[in-house]
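The values are calculated or read from the model by the stated rules, or taken from the named source; none is laboratory data. Keep in mind that this is a model prediction, so the values were computed, not measured. All Cβ positions, even for glycine, are placed from backbone atoms using ideal geometry, and neighbour counts span all protein chains on display.
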Amino acid sequence: MRVLSRAWSSRAARKLRRNRLAVAALAVILVYFFIGLWLTAADITAAATGGGGFDDHRDGRGSLFSALTLDKVEARVGPLTKRGWLEEESAETRARHVKYYLSRFQKALRLKDPEHRRLELESIRLGERTVGVTVDQATRIAAEVETGYRELDRFDDLDAPAAAEGRTRLAELEAQVGSLFAPLSGWRQMVYDGRLALGTDRQGRSTSARAIYSIKVALQIGLIVGLISVLIGAVLGAAAGYYGGWIDQVVQWLYSTLSSVPDLVLLAVLAYAFTGSYFDDNSKPFLSLIPVYAAMCMTFWIGPCRVIRGETLKLKELEYVQAARSIGFSRPYILIRHILPNTAHLMFINFSLLFIAAIKFEVVLSFLGLGVKAGPSWGRMIGEATQEVINGNFWQIGAATVAMFLLVLAFNILSDALQDAFDPKHVG
Amino acid sequence: MWAYVLRRLLYSIPIYLGIILFVMAALRVNDPVYAYLGKHASREQIDQKRKTMGLDQPFLVQYGKFLGQVFTLDFESTKSWQYETKSVGEILGERIGPTAAITVPALVVTTVVSIGVGLIAAFYRGRLIDRALMVLIVLGMSVSVLVFIIFGQYFGANWLKEKHGIEWFASGGYEPWISWGGTEGFRVKPGIWVYYCALPVLIDVILAMGYDTRFYRAVMVEETGRDYITTAVAKGATRRKVMFAHMLKNAMIPIITRVMISFPFLIGGSILLERYFRIPGMGNALIDSITNKDFPVIQAFTAVFAAVFVLSVILTDVLYALVDPRVRLS
């Protein structure tokens, strides 16, 4: 407690608090962390209740925790490559969406065995939407929609001014398709609208849900890589600086060796080394990330190690360290109690730099097929959006970029402010 | 001077030996032959492949042999696994050109432009133009590299072509733009280079510039506070003269470091760009060989990448010594 209050009233902390931009950035980061915690809790409760799928809350409201779990984020919620709410969709696209819904129902209705058909129909589920009609009703409505859809073929281009009649017919068809689904309660309708708000990807998965879920993945990568790298770097750097001699030689050799392979090449080699191993298993999202963590930590510890080694070299000549030695404290004690705490500000700064670096690196790795392989991540979203961009659909890449931009920008501002606060001589 | 260069060379030998040791060990964590042939391969096939690659020998023997190959630049004797007729050396030879066609111009342009912009920002320190530049850079740095590449390609190639009918840049691919021998003799076709390489280079420059400009500005601003600047100003030198004649010269050491440090960054960036623009460079070949488990190519390419890197570090140190004679003595 005393340490905390002392840190709060320290000169650097006061300087940081006066920087309004930094405080705002800190607030943004806290919001992200809160969402990340929330998503983790959601996944844990889903795993504990054995839930998943969309039918774990039939009470109409649903628990807040169950809206964003891994299963739901990976499930289809609507037609493929639907655009977001800001973009008016052309009548041709809307017709395509009608066709998509129709084909989902027809696939179920084509089954011969009546019992089988009923079960298949009931299993149709798009996000919060479930089927709300009996088999007979569905057969009737589907037939009507199909004939209606055929009629639309008369119009070469539904968006042409002459095709106004076709467009009214299309609106009717859409209403009919809508009637196939059970009406949603207010809350669930809101959740469902939210899922479609930013459109869908090529597999009909919700872009907004995936962008939000990726926050958890990004924070996980940033935190784990940042903490481990800073820890390794601090311990090795301080030891090298303080003990000197062969320890220093070994540490220096180690980091000059590892930093002599370009990061991406090193990561590629490590990805190769891990293929086919126990960790190369896409059914376990956490385990499959361990090679990525290992690879990043392997190169990222070098930065903090260099800085902290330099700082330790400076600190160990200071009077207070010499005083501690003359009192008779052991060298490891001085290292841990007197030197490492005085490099804490460097650890902070390096952590926030590495946090950003890890999140940005994930994107690159995932694009190359070496990073996140199971579950959504910003990197996968951006990588998968390539084809969409060529067709002028910016929703997926936009959602992932904006979500990532806010977090990384906040961390960039924070690390600049930290540098300003702790190191007045530093020019940012 | 030569003694210094020799000393630097000797120092970097253990580092390079370490890299090769590490890479070779990492590549052998998983049996490379098994990874390539899959689980349906027969015992004999696996044994034979292992023998031709020398993987049945003790690790130290393999280490020695591979080091021998690297130091004598003998990559011709090993054959690639995925392209059975080609040797690793041939693949390397045909891939180096495209990579250099992107990396070298990008390095030169980035350095020149970002030193310029850094100087301008430092010159107008605290004024609107400086602040605007810095805000822009922080904003740009918060967007993923990949997003820049995707949008750069879309607007530079697809959008220009479809919306405005301008076809300056290709959206991908590569053709050799220097030819020698044959009927034409030595010829350089800059048009082809612009068509295939200019857009990736432009994107690479934009990517690297954010970091570089920030750094150069910081260097310049730090130099501004030095005593020799005060002296020069006191003696009546104009601000412009102080800026470009006195400061730029003294800022040379950090600038050289930075240029050399950004080298691996450019290699890393060029892997992405090559991949995205389907340019058959070294980075693209490396990623390809990793997806296809082409062990000999991975091993050789990593060794070459690391060698380029170590050489660039040595070059940095030599340049230091040239720029600042004091370095030679330490």
(message) If I filter region B:240-249 for residues that are assigned to a helix (DSSP H, G or I) and within 11 Å of chain A (Cβ to nearest Cβ), do I get at least one hit?
(response) no
(request) Kindly establish whether B:R214 is in contact with a helix residue (DSSP H, G or I) (Cβ under 8 Å, 6 or more places away or on another chain) and among the basic types (K, R). (result) yes
(request) Tell me the helices (runs of 4 or more DSSP H) entirely within region A:226-313 that contain at least 1 residues that are aromatic (F, W, Y), in contact (Cβ under 8 Å) with a residue 24 or more places away in the chain and more than 14 Å from chain B (Cβ to nearest Cβ). (result) A:290-300
(request) Please enumerate the residues belonging to region B:285-315 that are within 10 Å of chain A (Cβ to nearest Cβ), among the small types (G, A, S) and within 18 Å of B:A25 (Cα to Cα). (result) B:S289, B:A303, B:A306, B:A307
(message) For the list (1) within 30 Å of A:I29 (Cα to Cα); (2) surrounded by fewer than 20 Cβ atoms within 10 Å (Cβ to Cβ); (3) without any contact (Cβ under 8 Å) to a residue 40 or more places away in the chain, I need the number of the one condition that B:S144 fails.
(response) (2)
(request) Determine which member of the set B:F169, B:F151, B:F155 is more than 30 Å from B:V219 (Cα to Cα), free of Cβ contacts under 8 Å to residues at least 12 places away in the same chain and surrounded by 17 or more Cβ atoms within 10 Å (Cβ to Cβ). (result) B:F151
(message) Need the failing condition index for B:D288 against (1) buried (at least 19 other Cβ atoms within 10 Å of the Cβ); (2) under 27 Å from B:C197 (Cα atoms), just the number.
(response) (1)
(message) Being closer than 30 Å to A:A163 by Cα and either not polar (S, T, N, Q) or not in a helix (DSSP H, G or I) (or both) is the filter here; which residues of region A:108-151 pass it?
(response) A:A138, A:R140, A:I141, A:A142, A:A143, A:E144, A:V145, A:E146, A:G148, A:Y149, A:R150, A:E151
(request) Only residues in region A:116-127 that are closer than 17 Å to A:P79 by Cα count as the first member; pair them with residues that are of a type in the set (V, I, T), Cβ under 7 angstrom, at least 6 apart or cross-chain, and list the lot. (result) A:I124/A:V131; A:L126/A:V77; A:G127/A:V77
(request) Taking A:N393 as the residue in question, decide whether it is within 14 Å of another protein chain (Cβ to nearest Cβ) and either more than 20 Å from the chain's Cα centre (by Cα) or surrounded by fewer than 21 Cβ atoms within 10 Å (Cβ to Cβ) (or both). (result) yes
(message) Being among the hydrophobic types (A, V, I, L, M, F, W, C) and surrounded by 19 or more Cβ atoms within 10 Å (Cβ to Cβ): is that true of B:F244 here?
(response) no
(message) Is it the case, given these coordinates, that B:A198 is out of contact with any helix residue (DSSP H, G or I) (no Cβ under 8 Å at 6 or more places or on another chain), closer than 20 Å to B:A101 by Cα, surrounded by 15 or more Cβ atoms within 10 Å (Cβ to Cβ) and not polar (S, T, N, Q)?
(response) yes
(request) Those residues that are surrounded by fewer than 17 Cβ atoms within 10 Å (Cβ to Cβ) and either at pLDDT 85 or above or in a loop (DSSP other than H, G, I, E, B) (or both), I need them from region A:152-167; list them, please. (result) A:D156, A:D157, A:D159, A:A160
(request) Pick out the one residue from B:I279, B:I271 that is free of Cβ contacts under 8 Å to residues at least 40 places away in the same chain and under 27 Å from B:E175 (Cα atoms). (result) B:I271
(request) Take the residues in region B:104-129 that are free of Cβ contacts under 8 Å to residues at least 60 places away in the same chain and not hydrophobic (A, V, I, L, M, F, W, C), then tell me which one is farthest from the other protein chains (Cβ to nearest Cβ). (result) B:G116
(message) Condition check: away from chain B (no Cβ under 14 Å) and closer than 25 Å to A:I302 by Cβ. Does A:N412 satisfy that?
(response) no
(request) Only residues that are more than 7 Å from chain A (Cβ to nearest Cβ) and either outside any helix (DSSP H, G or I) or touching a residue at least 40 places away in the same chain (Cβ under 8 Å) (or both): list them for region B:12-37, please. (result) B:S12, B:Y16, B:L17, B:I20, B:L21, B:M24, B:R28, B:D31, B:P32, B:V33, B:Y36
(message) For the condition free of Cβ contacts under 8 Å to residues at least 60 places away in the same chain, surrounded by fewer than 14 Cβ atoms within 10 Å (Cβ to Cβ), part of a helix (DSSP H, G or I) and basic (K, R), what is the one hit in B:R7, B:R50?
(response) B:R7
(message) Is it the case, given these coordinates, that A:L126 is surrounded by 12 or more Cβ atoms within 10 Å (Cβ to Cβ) and over 25 Å from A:S66 (Cα atoms)?
(response) no
(message) Can you confirm whether A:A421 is in a helix (DSSP H, G or I), crowded, with 22+ Cβ neighbours inside 10 Å, more than 11 Å from every other protein chain (Cβ to nearest Cβ) and over 20 Å from the mean Cα position of the chain (by Cα)?
(response) yes
(request) Could you grab me the full set of residues in region B:139-162 that are more than 7 Å from every other protein chain (Cβ to nearest Cβ), within 22 Å of the chain's Cα centre (by Cα) and not aromatic (F, W, Y)? (result) B:G140, B:I149, B:G152, B:Q153
